[in-house]
1. Take the alpha carbon atoms of the chain, find their radius of gyration, then divide it by 2.2 N^0.38 Å using N residues; give the quotient.
2. Just subtract the alpha-carbon distance of Met26 and Val196 from 0.36 nm times their residue separation and send over the number in nm, one decimal.
3. Using a 1.4 angstrom probe and counting only protein chains, how large is the accessible area of Thr151 in Å², to 10?
4. How much accessible area per residue does the chain have, counting only protein heavy atoms and a probe of 1.4 Å, in square angstrom?
5. In what order, largest first, do Ser183, Ser60 sit by accessible area if the probe radius is 1.4 Å?
6. Ordering Arg135, Arg88 from largest to smallest accessible area (1.4 angstrom probe), what's the sequence?
7. Can you list the lysines whose alpha carbon sits under 25 Å from that of Lys106, skipping same-chain ones fewer than 8 residues off?
8. Given a 1.4 Å probe and the protein chains all in place, what does the accessible area of Leu133 round to, in Å² to the nearest 10?
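The values are calculated or read from the model by the stated rules, or taken from the named source; none is laboratory data. The model shown is predicted, which means the values in this text are computed figures rather than measured ones. Reconstructed Cβ throughout: ideal geometry from the backbone, glycine too, with neighbour counts over all protein chains shown. The area values use the complete protein model at the heavy-atom level, side chains included, leaving out ligands, DNA and RNA. Shrake-Rupley method; radii C 1.70, N 1.55, O 1.52, S 1.80 Å.
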Amino acid sequence: NAAIYADYPVETRIMDIDEAKKLGAMALFGEKYGAKVRVVKMGDYSMEFCGGTHVKNTASIGMAKIMYESGVAAGIRRIEMLTGSNARVYFIEKEQMLKEIAEGIKASIPDVTAKIAHLNNEYKAALKELDELKRSMAAGSSEDILSNAATIGNFKVIAARMDVLDADGLRDAADGFRDKIGSGVVVLASAKDGKVSIVAMATKDAVAAGC
């Protein structure tokens, strides 16, 4: 930007791309150029292919919003921005979005962040309470499952579906059944939230017997 290097005379020329390359002009960002290019030269400090419209002073850009930043090479960053009226439209849209969010969660705009954090904590607490309730329901049905266990030879076999439990809860329940049956095999399945989980466990003597 010419405004940054005010102490250097700025020269802009249109020339053939091959001529520009021979002069040492740099194309920093790898854009595609035509046969004719504009070259901006700042004294002996810099000579580059023009990467876009130049301004006499950065103040003429007006409002600016950085949208994207990336590393191009060592010591070189590429920044993509909205400027002028485009930047204003962007901020107006974001302000409207913030107003809608504030209305949706019944909070003032300055309190939006705190209210979202509060709602998030309430949501986590509700999930925990719901999980504990489901585990309690599963525990209540455990007695029925135990009482209906089949006996095959010297071993008991429990096979049940417990959709209120996720994979972790299913493993815990299977552990409990295995401890209670003494000798045998436990197979539990769940389709909680559309995710199928199956857990199979056996007591040591059942494993030794080849179950």
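1. 2.06
2. On the way: separation 170, 0.36 × 170 = 61.20 nm, distance 5.79 nm.
Length gained, Met26 through Val196: 55.4 nm.
3. Counting only protein heavy atoms, the figure is 90 Å².
4. Numbers: 14650 Å² over 211 residues.
Value returned for the chain: 69 Å² of accessible area per residue.
5. Details: Ser183 35, Ser60 80 Å².
Largest to smallest exposure gives the sequence Ser60, Ser183.
6. Numbers: Arg135 85, Arg88 120 Å².
Final ranking, largest accessible area leading: Arg88, Arg135.
7. The qualifying lysines are Lys94, Lys115, Lys124, Lys128.
8. Approximately 100 Å² of Leu133 is accessible to the 1.4 Å probe.
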